[in-house]
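Structure first, commentary second.
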Amino acid sequence: MKVWKCGVKSNMKQIMIGVLGAVLSGCVPGEATVKISAENVRKVLNGEVVEVPVHGEVEVITPTAEWMKKGTCRMCQAQNLALTNSVIEADRRLSAATRVMTLLMADGSCVAGGVKVVGTNVVHWATIDTKFLFGSEAAILADSNKVARCNGFFALNDKGEIDLKGSGCKDVQPEKLERMSKILETVADGCECCKDAYAEVMMVLGVTSYDSISLVFEGDGRGGFCLEADGKRVVADKIGKEFRCAIRSKDSDKKSDKLIRLQKE
């Protein structure tokens with residue numbers, strides 16, 4: 001499987017380098033939606049660290065001829081399996097990998113994925129439903145123990161801008177990816193195909209590197225803050241039920257994200 005290939009070899013020992021490379025290059029072909037309630041915005045502006053729900057979907061389409069020629073499974077190639085059986089084997093490994101991921105996360109998060117044939121293409125897909133931390137840089141830095149156990153975080157810098165990459169919080173980072181990669185390396189020992197599947201499905205956690213990210217602010221009519229996106233200023237009590245901001249879209253410049261500012265009213 002070569003779903004999240006970012007110019008980095010896909011094996012378990014290099015997974016942390018792969019995750020870092022994806023974050024730096026923003027090359028994961030996925031769509032993520034982050035929901036932030038008005039109540040959580042007010043908490044963050046008052047110095048608290050909150051959990052926000054994150055949904056991510058990754059799908060990579062490869063022409064069938066190319067997929068069979070390169071072969072995502074050396075075992076299938078050696079056995080000269082037909083397309084249908086080869087895809088079934090790939091789907092089995094990826095489905096198993098996502099189930100293991102869900103068990104290892106052990107926090108209510110859910111990872112799912114598989115491989116299927118759609119028309120003349122082979123499609124690799126994966127989804128994740130999890131929670132990330134959200135807080136000001138100062139609050140994130142002060143809560144390093146909580147950050148170490150989390151699946152990822154977004155930071156609000158001193159300018160009121162939402163920083164997806166946590167540029168000002170490099171001294172504190174989640175440790176779950178590293179622990180999970182070591183466990184998966186042990187589980188997949190002796191099977192190169194399983195190592196590839198486990199290593200690559202880990203990349204679904206790299207939500208901040210997806211090429212499309214939307215923030216959905218859910219208002220409650222109580223006010224207390226305002227947000228600015230592309231020069232448009234919206235106060236909390238005018239948001240209504242939802243206000244969607246595309247902080248990164250597939251068609252935008254991958255080198256920079258759209259600035260979204262949060263401020264107290």
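Read-outs: derived from the displayed coordinates by stated rules, not from any lab. Source: prediction; values computed, not measured. Glycine also receives a Cβ, built like all others from the backbone with ideal geometry; neighbour counts cover every protein chain displayed.
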For segment 150-175 versus segment 92-133, the gap between their alpha-carbon centres in whole angstrom: 25 Å
Distance in nm between pseudo-label sites at Asn85 and Ser144 (7 Å out along the Cβ direction from Cα): 5.5 nm
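Please work out the FRET efficiency for the pair Glu161 and Asp230, using the Cβ-Cβ distance as r and a Förster radius of 22 Å; give the result to the nearest 0.05. If you can, show how the numbers build up before the last one.
Numbers: r = 13 Å, r/R0 = 0.59.
With a Förster radius of 22 Å, E is 0.95.
Relative contact order for segment 25-264: what is it in percent, counting Cα pairs under 8 Å that are at least 6 residues apart?
On the way: 457 pairs, mean separation 57.9, N = 240.
Rounded, it is 24 percent for segment 25-264.
Given 0.36 nm per residue, what is the gain on full extension from His55 to Val187 after removing their alpha carbon distance, in nm?
Values: separation 132, 0.36 × 132 = 47.52 nm, distance 2.68 nm.
So the extension gain works out to 44.8 nm.
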Antiparallel %, DSSP beta bridges [both residues in segment 107-188], to 5: 75 percent
